[in-house]
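The structure appears below as C-alpha cells.
The values are calculated or read from the model by the stated rules, or taken from the named source; none is laboratory data. This is a predicted model, so every value here is computed, not measured. Cβ placement follows ideal geometry from the backbone for every residue including glycine, while neighbour counts extend to all protein chains displayed. These area figures cover heavy atoms from the full protein model, side chains too; ligands, DNA and RNA do not enter into them. Shrake-Rupley method; radii C 1.70, N 1.55, O 1.52, S 1.80 Å.
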2 protein chains.
Amino acid sequence: MAWEKEVLPVHNEAGARVFLRGLEGLDPVFVCVIGNTETAKIPGISAAGRNPELTDYTPAADVELLLYGECRCIDGVPVTPEGIPTPALITRAALTLADVPVLVVNGGVRVKPLAPFIDVGGSPGADIRSGRAVEGVAGVIERARIMGASLARVADYLVVGESVPGGTTTALGVLLAMGVDARGMVSSSMPVNPHELKIRVVEEGLRAAGVKPGDLSGDPVAAVSAVGDPMMAAFAGVVVGAASRKPVLMAGGTQMAAVLSVVKGLEPDVLGNVAIGTTRWIARDKSSNIKGLVSRIWDVPVVAANLDFSASSIGGLRVYEEGVVKEGVGAGGATIAAILKTRGKLTCNDIRAKVEEEYRRLLERR
Amino acid sequence: MAWEKEVLPVHNEAGARVFLRGLEGLDPVFVCVIGNTETAKIPGISAAGRNPELTDYTPAADVELLLYGECRCIDGVPVTPEGIPTPALITRAALTLADVPVLVVNGGVRVKPLAPFIDVGGSPGADIRSGRAVEGVAGVIERARIMGASLARVADYLVVGESVPGGTTTALGVLLAMGVDARGMVSSSMPVNPHELKIRVVEEGLRAAGVKPGDLSGDPVAAVSAVGDPMMAAFAGVVVGAASRKPVLMAGGTQMAAVLSVVKGLEPDVLGNVAIGTTRWIARDKSSNIKGLVSRIWDVPVVAANLDFSASSIGGLRVYEEGVVKEGVGAGGATIAAILKTRGKLTCNDIRAKVEEEYRRLLERR
C-alpha cells in the first residue's frame, strides 16, 4: 500500500491491517464530540487552554476551527500555557485536504460553539472529586446512539474525535472504576505528566462516590456518572449506534481506552467493527501506555498517524516532538482517514505543510 | 416509470419529470426542521394541537414519532382539536418502509424533543403581531447553511420537511412582506381556512414592524425577523447550503412558498436544484393555491404524492379527504422520496396501509 509508512500499527497488527485496508478509498464523516468538566480547572490537570478558566472555551473554539478555519468564541486559537497551539490545526488540515465533512456532537459544554452542533441532551460535567461527575448519562447515550445509527446510514464509516480539557484524568477515573488499573498509563497534554495529581483526584472522586476500583466493571453508566466526563457518554453512544452498521475509527489518545471500556460495557458485539486511531506522539509516549491499556480491555486494533514535526520551520509545532499536546480533537484519526480516503496520495508531510500554512495564517498575523 | 401514478406533477411539469427521474434509486436523508411561534396560540389560527397551548409540544412530539415510532414528551400523538392525528404518521410510515434516515434541526422550539437534534442557535418565535417575530435570523441561516452543506456531502439528496404550528400564518406574513400577495392563497390545517383572521394578524404585524407589503422584497432576513417563524430561517439555510451540491426536495404545503421566497432572496443560483414535494390534498385544495404562489416566486417544479385515504378503514384518516390537516412534517415529500428510492416498488397504498397499522398501534391501544 502507498500509505504503509504513513499509518503505523501499534497494537493488534493483523487486525489493524485488515481494518485499514477495508477503509481505503471510502468516504468517512468526522464527528467531533465536545464536553467540559470542572475537573479541568484543578490547577496542574490540563494544558488545554492558556489558563484553567479558559479551558471552558477550548472545545467550542476547537470545533469552530474545524468548521470555519478560525475560532469565533475566542481570538486566535486555543493554546497551552506555553502558547503551543491546539491539535485541532492538524485535524482541520487533514479534513480540509481530503474534503471530509465534519459534524459536532455536544456531549455537554459550558461554552456553546458559535456553529451548528448536534444536541444529545448533555450538560457540563462537575469536578470528579464530588463523585457525581455527569448527569443524565443513560439518556445521553441513548440519544447519541440514535444519532450514531443515523450517521452510519449515510457515511461509509465514522471517525470520532473529542475535545474535553481534563479528559485524561476523567479517563483514569472511569478506567479505575471499571477495574482497569490505568494508574501511570494515561497520557497528558503537559510536558511532564502529572500522574500523582491525577491519581489523587480520581481516588478522591471514587471515595466520594463510595466506589472501590473495579466495583463498576459491569456498569459503565454508573462509572461515567461518578468519575467520568460528558464527552464519554456521547462518544460511546455514537460508537455503539454506528458500529453495528459501519466501521468506526475512535480518534484519540489514552482517553479512547476509557471510551472503549464504556462501549464494551454497553454493547461488546460492536467491538469487532472498531479501531483506535492516534498519533505517533501517543504511540511512542514513554509517560503513558495506550497499548497496555487497550490490551487490558479488548484487543481492538490501534494505529497511529506517522506525523513528525521535527523538521518543521515553526517552533510551536517542533515542540510536539518533545511530547507536549501529542493528540486531541481526533488529530491522529483525522490524519489517517485523510490518507486512506486518498489511498495514500495525501501523506503526513502534506498535512504537516498544510498545518504550517494555517498556523502562519492564524497565529502569526496577530 | 413504475411510479408515474404515485407522484403527480402540479407545477412546471417538464421540470418535475426531469427532477424526479434524477432522484430515482438514490439514497436521501430526511431533515425535519422544527420551530414554535407564539402566533400559533392566537385562537383560531392553528389546528396543530388539541388546544393552542399544546401546540408548544407538537414539533417535539412529531420528531420523536419520526425517530422512535412513538412520542415521548406527550402521551399518544399530536392531534387536532377534533382528534385527527398528525401527518407525522405518514412521514414515519414512508421513511420506515424505505429505510430513509432522519435528522432533526431545531430552528427554535419552546419544548425540546427528547431526542437528538441539530442546534443552529435558534430560539422560539414571538407573536408576529409584535412585528418582531424571530431573533438572530442571520446567524441561524449561516449555521443551518453549514449544516446543509455537510449533509449534502453525505446524502444523495435532501428531503426537508417542517413542523411549526401556526406556520401558514407566518408564511403569509413573509410572503406579503416580500411582495407576494398570498392573501387567500395559503393553506390551513383546519376544516375551514381562516383567511380573514390570518390576514388581520399579518397586517397587524406588518404595521407594528413599519413595513408595507413588498417593502422587504429584497431582504429575506428582515422579512423573517419581522413576521416569520424560526423554522423558516433554519429551513432556508439548510436548502441554500445543500442545494449548491445536491438536489433538495422541499417537503410541505404553501409554507414552502415562503421558504422559497427566502431562499430566492438569499441565493437564487441554487433554485435550479430545488423542487417542492407535497400531498394531493394540498395540490387539489380549493381554499389555497400552491401553484399560484410558486409561479409568483420562481418556477420550481411542484409534485404531489398521490395519497388517498378515502378507502381507509379508519375514520381519523378518511377525514384527510375532507381537507383537514392535508400536509405537514414533510408527509408528501417523504412519501415521494420513499417511492423514488424503491423505484416505485413502494406505492402510496403501501404507505397508507402502514399508516393504518401504526395508527392502530399508537392510538387505539389507549
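Among the residues of the range A:139-159, just one is surrounded by 22 or more Cβ atoms within 10 Å (Cβ to Cβ) and either of a type in the set (Asp, Glu) or more than 12 Å from every other protein chain (Cβ to nearest Cβ) (or both), namely A:VAL159.
A:LYS212 passes every criterion in (1) open to solvent by 40 Å² or more (accessible area, probe 1.4 Å); (2) in contact (Cβ under 8 Å) with a residue 40 or more places away in the chain; (3) not small (Gly, Ala, Ser) apart from (2). Given (1) in contact with a helix residue (DSSP H, G or I) (Cβ under 6 Å, 6 or more places away or on another chain); (2) surrounded by fewer than 24 Cβ atoms within 10 Å (Cβ to Cβ), where does B:LEU95 come up short, assuming only one miss? B:LEU95 satisfies every listed condition except (2). For B:ASP27, the stated conditions hold: it is within 30 Å of B:ARG245 (Cβ to Cβ) and surrounded by fewer than 19 Cβ atoms within 10 Å (Cβ to Cβ). Among residues that are at pLDDT 95 or above and open to solvent by 10 Å² or more (accessible area, probe 1.4 Å), B:ARG296 is included.
For A:GLY333, the criteria (1) within 21 Å of A:VAL248 (Cα to Cα); (2) in contact with a helix residue (DSSP H, G or I) (Cβ under 7 Å, 6 or more places away or on another chain); (3) of a type outside the set (S, T, N, Q) hold in every case but one, which is (2).
So that you can scan it fast, the table gives a plain yes or no per residue for (1) open to solvent by less than 10 Å² (accessible area, probe 1.4 Å); (2) within 14 Å of another protein chain (Cβ to nearest Cβ); (3) modelled with pLDDT under 95:
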{"position": "A:ALA115", "(1), (2), (3)": "yes, yes, no"}
{"position": "A:ASP119", "(1), (2), (3)": "no, yes, no"}
{"position": "A:SER123", "(1), (2), (3)": "no, yes, no"}
{"position": "A:ILE128", "(1), (2), (3)": "yes, no, no"}
{"position": "A:ALA133", "(1), (2), (3)": "yes, no, no"}
{"position": "A:VAL137", "(1), (2), (3)": "yes, no, no"}
{"position": "A:GLY161", "(1), (2), (3)": "yes, no, no"}
{"position": "A:LEU172", "(1), (2), (3)": "yes, no, no"}
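Step by step: first the residues of the range B:63-92, then only those that are of a type in the set (Ser, Thr, Tyr) and surrounded by 23 or more Cβ atoms within 10 Å (Cβ to Cβ), then the one that is farthest from the other protein chains (Cβ to nearest Cβ). Which residue is that? Top of the filtered list is B:THR86. Checked against (1) free of Cβ contacts under 8 Å to residues at least 12 places away in the same chain; (2) open to solvent by less than 10 Å² (accessible area, probe 1.4 Å), A:PRO59 passes all but a single condition, namely (1).
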